[in-house]
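Asker: The structure's right below; bear with me while I get my questions together.
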Amino acid sequence: MSSAPRSHQTLGDTDTLAFAKVLADAGFGIDVGAVSVHVRSDSKLFARQLQSVYAHFPLMDRAQWADVHLTINRASGFRRLIRPQVILQCDGRQPFEPFPANAPLPLFEWGCNWMIGQRLNDLLLLHAGAVERDGLALLLPAMPGSGKSTLTAALSLRGWRLLSDEFGAFNPDSGTFRALLKPVALKNQSIEVIRTFAPNAVFGPEFPNTRKGTVAHLAAEPDAVERRHESARPGAVVLPKWQAGSPTRWEPLTENVLFGALAFNAFNYSVLGATGFRSVVRLVRQCPGWQLVYSDLDDALATIDAAWPQVRERQLAAGQ
Amino acid sequence: MEVRELHLVSPHGRLLRRWGVTQYARTEGILAEPIGDLWAVFCPTSGETSLLNNESMAVLEVLEAGPADTAAICGALAEDSGESIETLEGLIEACWAQLIEMGLVRELRAPRTMLG
């Protein structure tokens, strides 16, 4: 598990060529909160892409502990000349097919998330976006086409602190959520939606023609990076569902639905066994849940904001 | 005469044990929690979690005392709930396949050596 960063120099402050050299030689450590990731790469383009979305992260001391080790190198041989590719390896294995050489960042992000999902079994990893306000976590469990990432991104740009776009990382011992702070991966029309919603939002490059269509990564806000070691107590669960043209609907969830949305949609629920079960039961008891059907992002956010004081009061009362 | 079943009945006429019919045992270490109007049940041997209705949960609760067959479970539940044995029999017979598949219950082979 990662500890507080030692260095104050950020990735954004570092000269790209110097950073590319660090990345190729000793490698670079990214402390994303609950874990740190060490990555090495001979791709200068990757160095630039990392800087675009991890600009506020500290440049970590190479001697620091890392939970996950990855390398992303350019394919050698004739490949480097004809349809060049990059290859991700972790612990000597190559879990994914190579990506085009101009797309190391999406390969890194997917590889990283995959490794976190495989490795981080001291936390219950719910498949959910997670943001924080008032010390309380709001979880947005993922359902296919739910608009989870879009809503998570929008919240993170309107005063909610991003914990993760992918993982609701619950610590069963402390009963709190931890940050796994990586860029929000937006796909296809969501990219334009968020660009319009927040014109000053910082994006990395767009990658067309990936397995998931066009992908772009939204950088985390500086405050979220600064506070990535602050955990959050359970607050509430919102099951988002984006539906074209729909008026905003906000309906309470039954405990059965809430339980299913958390337990049956987690990365390592069955790996954790009884601990996973008890953790989900605890969350269902503790958190109110709603289904949010929306098409208008501003209206969806206003609905969540309007419900939040009720959540805060409930959790404050429960904590006393 | 061929004996297929042997019944042990209390002086008050209550069925205590039947031999020659399938008995069911609850898997050890099951965790169960009420979640809304259902029950979330975790099976430690399979690592799976299932959502059960009240009838299925009632069967598991009766089996907590030890293995039993359908008739014995119906007797226990009828006594508690006031439902007729016939109604309960239908409900419980329908539960077995799913409870077994979920790993929450296992069938015990009828102890044929007890038969004459």
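Asker: Regarding A:Phe46, is this residue surrounded by 22 or more Cβ atoms within 10 Å (Cβ to Cβ) and modelled with pLDDT of 95 or more?
Answerer: yes
Asker: Within the stretch A:190-212, can one find any residue that is of a type outside the set (Lys, Arg) and in contact with a His (Cβ under 8 Å, 6 or more places away or on another chain)?
Answerer: Yes.
Asker: Separate question: Pairs under 9 Å by beta carbon, first residue of a type in the set (D, E, K, R) in the stretch A:13-24, partner in a helix (DSSP H, G or I), six or more apart or different chains?
Answerer: A:Lys21/A:Ala47
Asker: Select from the stretch B:23-36 the residues that are within 14 Å of A:Val281 (Cα to Cα) and either modelled with pLDDT of 95 or more or more than 7 Å from chain A (Cβ to nearest Cβ) (or both) and write down the one among them that is surrounded by the most Cβ atoms within 10 Å (Cβ to Cβ).
Answerer: B:Ile35
Listed here are the residues, each with its yes/no results for (1) under 19 Å from the mean Cα position of the chain (by Cα); (2) surrounded by fewer than 17 Cβ atoms within 10 Å (Cβ to Cβ); (3) at pLDDT below 90.
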position: A:His8; (1), (2), (3): no, yes, yes
position: A:Ala24; (1), (2), (3): no, no, no
position: A:Arg40; (1), (2), (3): no, no, no
position: A:Phe57; (1), (2), (3): yes, no, no
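Asker: Now, a different point. Scan the stretch A:269-293 for residues that are more than 11 Å from chain B (Cβ to nearest Cβ) and over 16 Å from A:Pro234 (Cβ atoms) and jot them down.
Answerer: Those that are more than 11 Å from chain B (Cβ to nearest Cβ) and over 16 Å from A:Pro234 (Cβ atoms): A:Gln291, A:Leu292, A:Val293.
Asker: In this structure, is A:Leu138 in a strand (DSSP E or B), surrounded by 18 or more Cβ atoms within 10 Å (Cβ to Cβ), touching a residue at least 24 places away in the same chain (Cβ under 8 Å) and not charged (D, E, K, R)?
Answerer: So A:Leu138 fits the description; yes.
The values are calculated or read from the model by the stated rules, or taken from the named source; none is laboratory data. What you see is a predicted model, and the numbers here were worked out from it, not measured in a lab. All Cβ positions, glycine included, derive from the backbone under ideal geometry; neighbour counts span all protein chains shown.
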